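A.B. asks: Below is the structure I would like to discuss, written out as structure tokens.
The values are calculated or read from the model by the stated rules, or taken from the named source; none is laboratory data. Remember, it's a predicted structure, so these values are computed and weren't measured experimentally. FYI the Cβ positions are ideal-geometry reconstructions off the backbone, even for glycines, and counts take in every protein chain you see.
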Amino acid sequence: MKFILGTKGKMLTVFTDDGRAFAATVINAAPNTVTQVKTAEKDGYSAVQVGAIEKKPARVAKPQLGHAKGKALAAFREMRPRMGGTVEGVEAGQTIDVSAFAVGDKITVSAISKAKGFAGVVKRHGFHGGPRSHGQKHSERSPGSIGGGGGRAGGRVAKGMRMAGRMGGERVTVRNLAVLQVLPETNELVLAGAVPGRRGTLVEVRGQ
């Protein structure tokens, strides 16, 4: 099963044997433990739940702690389901490590992007702003008209209007990233390209 939870590490440049250079991201993925297996016959759908990043029991929520204790498992910081796919041969207590992946695999990565707080339209949406001359004052980065009057939308602001607001801090999924290196001795995956989030962000890595 090609699914693992890890944390985002550093970025670096990786050179392949044919001399190509890739901007790459290191994913630190210690072995995960299967905490629950759901089947279509019993639960109505197929899923495998895995736990990652062991923590002290006192620092884990009681529902999660009871969920793990019932199966004689450790207490984990995160437990996430892998929906769909086959669950044959997968059992609770089984471990999954980076050796489940191979160089050249195309994978999908999901994580929470960097939160950047309240941002204006220039930063958030790429607006150009107003001109820097001809009598303009205090409007270089303003959004301009947002509707109103008796025109479009009947004198109200249309839904979906791009305006200033909170930026980032959302779940972002990046598809078709290639695995450049698999390092079981250090529990690391090296992926081509950038991954959402800051260092230490929890990352879901799943095969396609």
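A.B. asks: Of the residues in region 173-185, how many are closer than 28 Å to Ala115 by Cβ and either not aliphatic (A, V, I, L, M) or not assigned by TED's automatic domain parsing to the domain that holds Phe15 (or both)?
C.D. replies: 3
A.B. asks: Moving to a separate point now. If you scan region 115-130, which residues turn out to be surrounded by 14 or more Cβ atoms within 10 Å (Cβ to Cβ) and either over 29 Å from Ala24 (Cα atoms) or basic (Lys, Arg) (or both)? Lay out the reasoning, then the answer.
C.D. replies: First, the residues of region 115-130 that are surrounded by 14 or more Cβ atoms within 10 Å (Cβ to Cβ): 119-122, 124-125, 127, 129-130.
Correct list: Gly120, Val121, Arg124, Phe127, Gly129, Gly130.
A.B. asks: Hey, can you tell me all the residues within region 1-43 that are of a type in the set (Gly, Ala, Ser) and modelled with pLDDT of 85 or more? Lay out the reasoning, then the answer.
C.D. replies: To start, the set of residues in region 1-43 that are of a type in the set (Gly, Ala, Ser) comprises 6, 9, 19, 21, 23-24, 29-30, 40.
Residues satisfying the conditions are Gly6, Gly9, Gly19, Ala21, Ala23, Ala24, Ala29, Ala30.
A.B. asks: A further question follows. I need the strands (runs of 3 or more DSSP E) fully contained in region 1-47, keeping only those with at least 3 residues that are under 20 Å from the mean Cα position of the chain (by Cα) and over 20 Å from Leu183 (Cα atoms).
C.D. replies: Numbers: elements: 3-15, 21-28, 32-38.
Output list is empty.
A.B. asks: Something else now. For region 112-151, how many residues meet the condition of being part of a loop (DSSP other than H, G, I, E, B) and more than 30 Å from Leu183 (Cα to Cα)?
C.D. replies: Taking region 112-151 first, the residues part of a loop (DSSP other than H, G, I, E, B) are 113-114, 120, 126-151.
Those left that are additionally more than 30 Å from Leu183 (Cα to Cα): 120, 126-151.
The qualifying residues number 27.
A.B. asks: Take Leu65 and decide whether it is farther than 21 Å from Leu177 by Cβ, assigned by TED's automatic domain parsing to the domain that holds Val203 and of a type in the set (A, V, I, L, M, F, W, C). Step through it out loud before you land on a result.
C.D. replies: Details: farther than 21 Å from Leu177 by Cβ: yes; assigned by TED's automatic domain parsing to the domain that holds Val203: yes; of a type in the set (A, V, I, L, M, F, W, C): yes.
Yes; evaluated as a whole, the condition is true for this residue.
Yes or no, residue by residue, for (1) without any contact (Cβ under 8 Å) to a residue 60 or more places away in the chain; (2) touching a Ser or Thr at 6+ places or on another chain (Cβ under 7 Å):
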| residue | (1), (2) |
| --- | --- |
| Gln136 | yes, no |
| Ser139 | yes, no |
| Arg166 | yes, no |
| Leu177 | no, no |
| Val190 | no, no |
| Gly200 | no, yes |
| Val205 | no, no |
| Gln208 | no, yes |
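A.B. asks: Quick one: how many residues across region 165-203 are assigned to a loop (DSSP other than H, G, I, E, B), aliphatic (A, V, I, L, M) and surrounded by fewer than 15 Cβ atoms within 10 Å (Cβ to Cβ)? Step through it out loud before you land on a result.
C.D. replies: Keep residues of region 165-203 that are assigned to a loop (DSSP other than H, G, I, E, B), which gives 169-170, 184-187, 193-201.
Filter once more, so that each one left must be aliphatic (A, V, I, L, M): 194-195.
Okay, now just the ones that are also surrounded by fewer than 15 Cβ atoms within 10 Å (Cβ to Cβ), so 194.
Residues flagged as assigned to a loop (DSSP other than H, G, I, E, B), aliphatic (A, V, I, L, M) and surrounded by fewer than 15 Cβ atoms within 10 Å (Cβ to Cβ) within region 165-203 amount to 1.
A.B. asks: Within region 85-111, which residues are of a type outside the set (Gly, Ala, Ser) and either assigned to a loop (DSSP other than H, G, I, E, B) or under 30 Å from Ile146 (Cα atoms) (or both)? Don't jump to the end; show me each part of the working.
C.D. replies: Restricting attention to region 85-111, the residues satisfying the condition of being of a type outside the set (Gly, Ala, Ser) are 86-88, 90-91, 94-98, 101, 103, 105-109.
Once the filter is applied, which keeps residues that are of a type outside the set (Gly, Ala, Ser) and either assigned to a loop (DSSP other than H, G, I, E, B) or under 30 Å from Ile146 (Cα atoms) (or both), region 85-111 yields Thr86, Val87, Glu88, Val90, Glu91, Gln94, Asp97, Phe101, Val103, Asp105.
A.B. asks: Checking the condition buried (at least 19 other Cβ atoms within 10 Å of the Cβ), free of Cβ contacts under 8 Å to residues at least 24 places away in the same chain and at negative phi, which residue from Val26, Val60, Val50, Val98 passes? If you could, list the steps in order and put the result at the bottom.
C.D. replies: Details: Val26 fails: free of Cβ contacts under 8 Å to residues at least 24 places away in the same chain; Val50 fails: free of Cβ contacts under 8 Å to residues at least 24 places away in the same chain; Val98 fails: free of Cβ contacts under 8 Å to residues at least 24 places away in the same chain.
Among Val26, Val60, Val50, Val98, only Val60 is buried (at least 19 other Cβ atoms within 10 Å of the Cβ), free of Cβ contacts under 8 Å to residues at least 24 places away in the same chain and at negative phi.
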